Every structure is written in structure tokens, then in C-alpha cells.
Amino acid sequence: MKKIFALTAMSSALLLAACGGGDINLSPTNINNSVDNSTNNGGNGGSNPCASYVEAGQTYQGQVVGADCFYPASFVSSTNPITAATVKFQTIAGVHEFADSLFIGEDVDAQAAAAGTRIPQEGEGTKLIIDAGVTMVFKRPESYIRIARGSQIFAEGTSGSPITFTADEDIDGVATEDDRGLWGGLQINGNGKTNKCHDGTPTGSGTGTVSDFVATANNVHNCNQEAEGQPATYGGNNNAENSGVLKYVVVKHAGFEVIDGNELNAVTLNGVGSGTTISHVQVYTTKDDGFEMFGGAVNLDHIVVVNAGDDSIDYSEGYNGKIQYAVVVHTSGANRCIEGDNTGEGRGDAITPTTNLIISNMTCVTSSIKSNAGVNSTSKGDSEGPLFREGVYFQMYNSIVTSNAAGMASQECLELDDTEGPQTIDAAQAGISKAKSNVIACSEATKVSTSTNVGFDLVNWLAGGGINAATPANDNEKNFIITGADLPAQSLIVGGVGTRGYKTAATITNGAGTPVFDQAADLTDVSAIDAYFTAPTYLGGANAGDDWLAGWTVGLTAPLNP
């Protein structure tokens, strides 16, 4: 017997309404669906609204079960990917539920590529199309959505009809914020660059002068890296490649851990290029990271992470993208708002191409909760702000890092670490890494961990440098640190202490009530730095005049429960 949830018209309406906040709370019906009709020609006089595709002259279609569509492993699974030209999941009264994973496109690994199989490039693989308002439900913890290189996903919701990826416990109404990792998440594999592939230079990851990014006799490049999760391949030579569109998408209760060090994140972007659109996407309650980028140059705007079990935004392997308007709210069990690495443990920090994120208008609200503490604890680490380490370069603008704990109590809210090599702080000293128009309001505002750049002063670096030889003068400006006795009694985030507030207050003041950051005059026009950005009108990710999270995000109106 298969467990299927048939939703009444009333419960379907509740499903859509629930996208405005909190988990879905529905009463499911168990239906005996022992007959497998996944292979048919549409039948039922054309009344079957479930997704279908044609391969080798045969049509495969999901099963209608009440108001839902059910897709057994014979329709798609981790060992049975869909490789047809297109598959579309349209809006229905109920949900689309999967017995196994939803794997899209053919994965061409290094062995197949060396034998002459063409590595699919953008648009050459399968196109997955998901209509606005669709809810995709996964029954097994190890199930996930995987988009192969060259394939694309087009999931375009709206603020009134977002697309939701979640687990069946959520639809069942029993999932809580402690339920991280109920299913795997979304993984997109692209043909962008990763520094795990050799770039042909002495600082590359290999030897010799032949770059893996150069076409070979058999293929368009020789960059083939294995992704986390089930065997799959990413990497290439096209940082502008297009893996599709995610708009108004909510990913809930994801992040299955295969083994320690091999974890599925809520949204994993492997070698995904800047031609891809990631806009208005939320991660809510995930076991591992919220958004993780391994190489590539995909840009993201208007992203939200609430109750991540590990890092909210994590990236490495030569990632060179841009992010504008990001809201991160820690409840408990979270680790860092940002964890930026160039490489990783066991790899030299100077490997090229170098990781360099440019981020503007982030709100990072930490909780001060330590590892293994709090209501929904995890062992991933303490709640902290951004950490830049292991050879990473960075630029951070117009952002606010603070705490929702009493007295803005916190762990470190901004940290630079070069204990494994000097490159991260070297880049700060050289003016490659930059920070302008940021406010850090925390009890532990900054931290430096270094074994080579002794004497580097992060506070002075943020203020323009020049205090000593290890902190030379730079063009950083309009960064304000509020800590200790200078912390104000009132929160700088609307909603205040002990809430999940995320909107920047109209006035940024210190403990004496004196304004310290003028949001009309102290912002940096990042549109002059890169055309991807728009000129901001406020500090942080959102404010009362631009509450772009309203109506489609979840988990922000609940009690904090740290």
C-alpha cells in the first residue's frame, strides 16, 4: 500500500494560504493505490492532470489520487532519471508527491566524457517546468531534486502563488522546526568553473600547463567533479551558463546527511553560471546549509534563510557571484550567516581561480545560541555572523549584522581567519577585499584568527586602516561597530529582542541615542561597482518600505524559541 494524501478543495486552499507563514497544517487521507498506472497514454478522456513525458515512444504519466498526483519510481527515481526534452508539473488542486527522487537529465561523468560522450551544455538537456502555486512533496529523507549539467529548471512562482518543495510530514501537519532533513533538497549542477579543476597555472589545483577548462579532442572541456549525494557531475568552463530560473520558491525541511562531510543542502548550486536566475527564494528549516555554491558565478537576489541547521549562505571552490538583498534569521541550532572559503580543509588556500563574493544589503540576525544548545539544537556550531577564511576574497556592502538576544548578546559577528594560510588577510591588506557602509551591533562584534598576519586589526581595517604596518590604509568607509556600552537598549531590527524581526529600523542609534548611520547619506551605491546591483535606499535586506518578504515566506511570524 502506498501512502497518498488526498486534499479536499478546502484543504488545498489552506495549503496556499499557509505559504504566508508557518508550516502547513492539513489532515491527510490514506488511500490504497496498489495499482501502478504510471505508464499510460494520459487516459481518462484526457482528464489526468499529472505530469507526463515521452521516452523511446512510450508515454509515462503520474497517477491521479484524489486531488493529488503521485509519481512512483517507475516514473522517476535516482536510478531512473527523466531524460526527455521536457517535463512539466502544472498547478493542481492538491500536491505532486514522489516516491523517490526527481532526477532531471543525463549525468555525464568523467569516464563517459573521456570516452567521447558530449557533456551537455545549457539547454541541451531536459527542461523541468514547474507552474506557479505547485507544491512538490518528497516521502523519503534521501530523496531530492537533481538537475544534471546541461539540463534546466524553470520554477517560476509569484508572491501570491509561490512554489513549495517540502516533505510529506509537512503536508501531514506534524513537521516542526526540529524536523530538519526530512528530504534532501534541490541540487543544480552546471558547467561553471570550480577550482577543483586545474586552470593551467602554477597556482591551479593540478600540474602542467594544460587547463581543464580548455576543450579536448573529445569534449568541450575536461572539468568533471563529483557532487555530494548520489554520484553526479558538475563543472566546466562557462561561468555565464544558464541552468534555469527559480523565482518565489520556498524549500522546507530539507538537508539530508548522507554521511558526515557529504550532506545535501536545501539549495546546492554546483558550478552554476550567471545566466541562471535565483530571485525571491526562501530556505526554511534545513539540516545543513541553506544556500551553498561550489564554484560558478550564479547571482542571487532577495533570498531568505530561517532556522538553518548549519550555515545560511556557504560558498567555496572559486565561486564568483553576487548577492543583493538577503535576510538571515537564526532561531537556534544555526551556525554562520555566511561561511566563505576559497578551498577547504586539506587543500592549499591559494588555489585559483579564487573565490570572491560581492554581497550588498544583507541582514544577519544571530541568536547567541551555542552548539548543541537551544530548543532546536544542532552540533554544527555556534550562532555567528559572516566568517571569511581559507584564502577567500570578499566585498561586503550596506549590510547589518546583529543579534535578537537580550542586550544583542552574540558570538563573533564578523570574523577573518587565515590560520591555514595568509591569503584571506593578505587580500584585506592589499585592498582586494573591501567593506563599506556596514553596521555591526553585537556584544562580540569582531574576531581575527591568524598565525601569519599578527597585528592585523579588523576594527581599524573597517575604519580605513593605517593603525600599523599589518593594517595599511585602505578605502573602506562608513562602517560602524556598536558594541559594549555603546549598544542601544532598543533593537536595530523592527520587532526587537526575542522576535524574528528582520526589517531594518528607520534610525540606527548607539547606546546614547545618537544616530550613527544615516541611511540617506551613508549607503554605498553598489550599482557603480557592478551593473548587477541596484542602488540601495536602506541598510540591510528589507525595511518597512520594502517588505518584499510579506505574503510568500514562512516561519517569520512564529515565536523565536531560541
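All but one of (1) part of a loop (DSSP other than H, G, I, E, B); (2) in contact with a helix residue (DSSP H, G or I) (Cβ under 7 Å, 6 or more places away or on another chain) hold for ILE481, so report the exception by its number.
Evaluating ILE481 over (1) part of a loop (DSSP other than H, G, I, E, B); (2) in contact with a helix residue (DSSP H, G or I) (Cβ under 7 Å, 6 or more places away or on another chain) leaves (1) as the failure.
Just checking, which of SER443, SER433, SER377, SER451 is in contact (Cβ under 8 Å) with a residue 24 or more places away in the chain, among the polar types (S, T, N, Q), open to solvent by 40 Å² or more (accessible area, probe 1.4 Å) and in contact with a helix residue (DSSP H, G or I) (Cβ under 7 Å, 6 or more places away or on another chain)?
Just a single option satisfies the conditions, and that option is SER443.
Would you confirm whether any residue within region 39-59 is open to solvent by less than 20 Å² (accessible area, probe 1.4 Å) and at pLDDT below 50?
yes
Quick grid of which residues meet (1) modelled with pLDDT of 95 or more; (2) within 27 Å of ASN468 (Cα to Cα); (3) not in a helix (DSSP H, G or I):
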residue	(1), (2), (3)
ALA326	yes, no, yes
GLY333	no, no, yes
GLU345	no, no, yes
GLY391	yes, yes, yes
GLU444	yes, yes, yes
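For the list (1) aromatic (Phe, Trp, Tyr); (2) at positive phi; (3) not in a strand (DSSP E or B), I need the number of the one condition that TYR319 fails.
For TYR319, the exception is condition (2).
How many of the residues in region 297-310 are open to solvent by less than 10 Å² (accessible area, probe 1.4 Å) and without any contact (Cβ under 8 Å) to a residue 40 or more places away in the chain?
Number satisfying all stated conditions: 3.
Quick check on region 393-421: of everything there that is within 18 Å of GLY465 (Cβ to Cβ) and in contact (Cβ under 8 Å) with a residue 60 or more places away in the chain, which residue is surrounded by the fewest Cβ atoms within 10 Å (Cβ to Cβ)?
Here the residue is GLN395.
Would you check which residues across region 511-556 are outside any loop (DSSP other than H, G, I, E, B) and either touching a Cys at 6+ places or on another chain (Cβ under 9 Å) or within 23 Å of ALA441 (Cβ to Cβ) (or both) and list them?
Residues satisfying the conditions are PRO515, VAL516, PHE517, VAL526, ASN543, ASP546.
Residues in region 459-481 that are under 25 Å from SER410 (Cβ atoms) and either among the basic types (Lys, Arg) or surrounded by fewer than 20 Cβ atoms within 10 Å (Cβ to Cβ) (or both): how many?
8
Give just the number: which of (1) within 17 Å of THR378 (Cα to Cα); (2) of a type in the set (Val, Ile, Thr); (3) over 11 Å from the mean Cα position of the chain (by Cα) does VAL305 not satisfy?
Here VAL305 clears every test but (3).
So VAL497 ticks every box in (1) out of contact with any helix residue (DSSP H, G or I) (no Cβ under 6 Å at 6 or more places or on another chain); (2) part of a loop (DSSP other than H, G, I, E, B); (3) under 28 Å from LEU549 (Cβ atoms) but one. Which box is left unticked?
(1)
Being surrounded by fewer than 16 Cβ atoms within 10 Å (Cβ to Cβ) and charged (D, E, K, R) is the filter here, so list the residues in region 76-108 that pass it.
Residue satisfying the conditions is LYS88 alone.
Need pairs with beta-carbon distance below 6 Å; first residue within 13 Å of SER437 (Cα to Cα) and within region 510-536, second of a type in the set (A, V, I, L, M); sequence gap 6+ or separate chains.
Pairs found: VAL516/ILE508; PHE517/VAL439; PHE517/ILE508; GLN519/LEU539; ASP525/ALA535; PRO536/LEU523.
If you go through region 287-296 one residue at a time, how many are open to solvent by less than 10 Å² (accessible area, probe 1.4 Å) and at pLDDT 95 or above?
6
The values are calculated or read from the model by the stated rules, or taken from the named source; none is laboratory data. In this text, all values refer to a predicted model and were calculated from it rather than measured experimentally. Please note: Cβ atoms are built from the backbone with ideal geometry, for glycine as well, and neighbour counts cover all protein chains shown. For accessibility, only protein heavy atoms count, side chains too; no ligands or nucleic acids. Shrake-Rupley method; radii C 1.70, N 1.55, O 1.52, S 1.80 Å.
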